[in-house]
Structure formats: C-alpha cells, structure tokens
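As structure tokens, the structure follows; a few thoughts come after it.
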Amino acid sequence: MARYDILGKNAEKKEGQKMDIRESTVRTAEAIRLWTAIWEESVRASHHFLGEEEIIGLRGYAAQALQDIPHLAAAYTKEGDTAGYIGIAGERIELLFIKPAYFRQRVGTALVEYARETFAVKEVCVNEQNPQAAAFYRAMGFHVYKRTDTDELGLPYPLLYMSCRGDEEN
C-alpha cells in the first residue's frame, strides 16, 4: 500500500491528509459498480462535450474496461471513501477518474505519481475536448505527440496522445 499526501478541503493547509493508494487484485461486481458510478460522476463533471445518450451508451464500455484493465489502483481517504482510481496497461494510463468532490485536491496527482513509481507509466491519451485533463497532464510533464480525429471507438471525439518520453510532435 502506498501512502501519499494530498490537500484537504482547506487548500491553505500546509500539510495534506494522508491518502492510501491500493491496487485492486479482485474485481467484484460490487467494486465494478462503485468504480462505474465514480466514472459517471466524474464524466458528468468534466466531459461537457458528451450528451446524456453518449454517457449512458459508454457506461457499459466503462464497466468492461474496469474489469479488463491489467492494473487498477484506487485512492482512499482516511475515512475509507474512494476518492478516485487509475487504470494502467503496460506503460500507459488508460483510466483516471476522480470524484468531483475531490477535484483539485491532488488526488489525480497522487495517482499519477503512484503509477509512475509503480508501473513506470510514460503515456496517456485524453479527449481533446477535455482541456482540463490535457492541462493536468502537461503540468505532470506529458506532451502531445499525436492527435486523432476520432476516439478509439471511432466516435467523433479527437484524442491527444501524450508522452513523457521526449518524442514531441513536430
């Protein structure tokens, strides 16, 4: 179990609260439902380019991705609340979803740091229409090396492929 400092609800505090990050080795139906609910809450708060029908249509895909991802680690508050999670395949972050109540409290930063330290991640793919995510990863040292006009399902949502390997797009 990794332990990371994050900022609490009071951003002026010098020391953050401790957050435990643990990899999930068992994916129960209950856990998949919880993580899918976090996915949906996060998507509704951050993916403003998606309509209601798209979110509902992607829900099953998200649940399947949570079941299939090789490594899934969740961040837990000291009270035991799941603040968010990260999914990793190889050296790539495939999923990073944070409960909106924990946005801008360094939960995402702690999860990315955990993924870098534990799995040596070097790549991520984000929706171009989610500029907050792209800015977050840029602040974490990633840069765009490729752009597509559609997402990986062929839907009209451009993707930015980002890396921290030094292979910047020309």
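The values are calculated or read from the model by the stated rules, or taken from the named source; none is laboratory data. On a predicted model such as this, the values are computed, not experimentally measured, just so you know. Note that each Cβ is placed from the backbone with ideal geometry, even for glycine, and that neighbours are counted across all protein chains shown. What goes into the accessible areas is simple: the full protein's heavy atoms, side chains included, and nothing from ligands, DNA or RNA. Shrake-Rupley method; radii C 1.70, N 1.55, O 1.52, S 1.80 Å.
Hey, among Ala120, Ala110, Ala115, which residue is modelled with pLDDT of 90 or more, within 19 Å of Ala62 (Cβ to Cβ) and under 18 Å from the mean Cα position of the chain (by Cα)? Lay out the reasoning, then the answer.
Numbers: Ala120 fails: within 19 Å of Ala62 (Cβ to Cβ); Ala110 fails: within 19 Å of Ala62 (Cβ to Cβ).
Ala115 is the lone residue from the list that is modelled with pLDDT of 90 or more, within 19 Å of Ala62 (Cβ to Cβ) and under 18 Å from the mean Cα position of the chain (by Cα).
Within the range 29-51, how many residues are surrounded by fewer than 13 Cβ atoms within 10 Å (Cβ to Cβ) and touching a helix residue (DSSP H, G or I) at 6+ places or on another chain (Cβ under 9 Å)?
Looking only at that region, the number is 1.
Give the range 42-56 a look and list any residue that's under 14 Å from Leu95 (Cβ atoms) and either free of Cβ contacts under 8 Å to residues at least 12 places away in the same chain or not in a loop (DSSP other than H, G, I, E, B) (or both), or say none. First the steps, then the outcome.
Going through the range 42-56, the residues under 14 Å from Leu95 (Cβ atoms) turn out to be 42-43, 46-47.
Matches in the range 42-56: Ser42, Val43, Ser46.
State the number of residues belonging to the range 103-120 that are part of a helix (DSSP H, G or I), open to solvent by 30 Å² or more (accessible area, probe 1.4 Å) and of a type outside the set (S, T, N, Q).
Keep residues of the range 103-120 that are part of a helix (DSSP H, G or I), which gives 107-119.
If we keep only those that are open to solvent by 30 Å² or more (accessible area, probe 1.4 Å) as well, we get 113, 116-119.
From the residues that got through so far, the ones that are of a type outside the set (S, T, N, Q) too are 113, 116-117, 119.
Qualifying residue count, the range 103-120: 4.
Please count how many residues of the range 121-150 are in contact (Cβ under 8 Å) with a residue 24 or more places away in the chain and not in a helix (DSSP H, G or I).
The number of residues fulfilling the criteria is 14.
Which condition number does Tyr85 fail, the rest of (1) without any contact (Cβ under 8 Å) to a residue 40 or more places away in the chain; (2) in a strand (DSSP E or B) being met?
Here Tyr85 clears every test but (1).
Tell me, yes or no, whether the range 146-169 has at least one residue that is of a type in the set (Phe, Trp, Tyr), farther than 20 Å from His47 by Cβ and at pLDDT 95 or above. Show your work before the answer.
Our first condition is that a residue be of a type in the set (Phe, Trp, Tyr); within the range 146-169, this holds for 157, 161.
Narrowing the set further to residues that are farther than 20 Å from His47 by Cβ leaves none.
Checked against the condition, which is being of a type in the set (Phe, Trp, Tyr), farther than 20 Å from His47 by Cβ and at pLDDT 95 or above, the range 146-169 yields no hits at all.
Has the range 91-98 got at least one residue that is more than 22 Å from Arg59 (Cβ to Cβ), open to solvent by 30 Å² or more (accessible area, probe 1.4 Å) and modelled with pLDDT of 95 or more? Steps first, please.
To start, the set of residues in the range 91-98 that are more than 22 Å from Arg59 (Cβ to Cβ) comprises 91-92.
If we keep only those that are open to solvent by 30 Å² or more (accessible area, probe 1.4 Å) too, we end up with 91-92.
Filter once more, keeping what is modelled with pLDDT of 95 or more: 91-92.
There is at least one residue in the range 91-98 that is more than 22 Å from Arg59 (Cβ to Cβ), open to solvent by 30 Å² or more (accessible area, probe 1.4 Å) and modelled with pLDDT of 95 or more.
What's the total number of residues in the range 115-162 that are touching a strand residue (DSSP E or B) at 6+ places or on another chain (Cβ under 8 Å) and within 11 Å of Ile93 (Cβ to Cβ)?
Of the residues in the range 115-162, 12 are touching a strand residue (DSSP E or B) at 6+ places or on another chain (Cβ under 8 Å) and within 11 Å of Ile93 (Cβ to Cβ).
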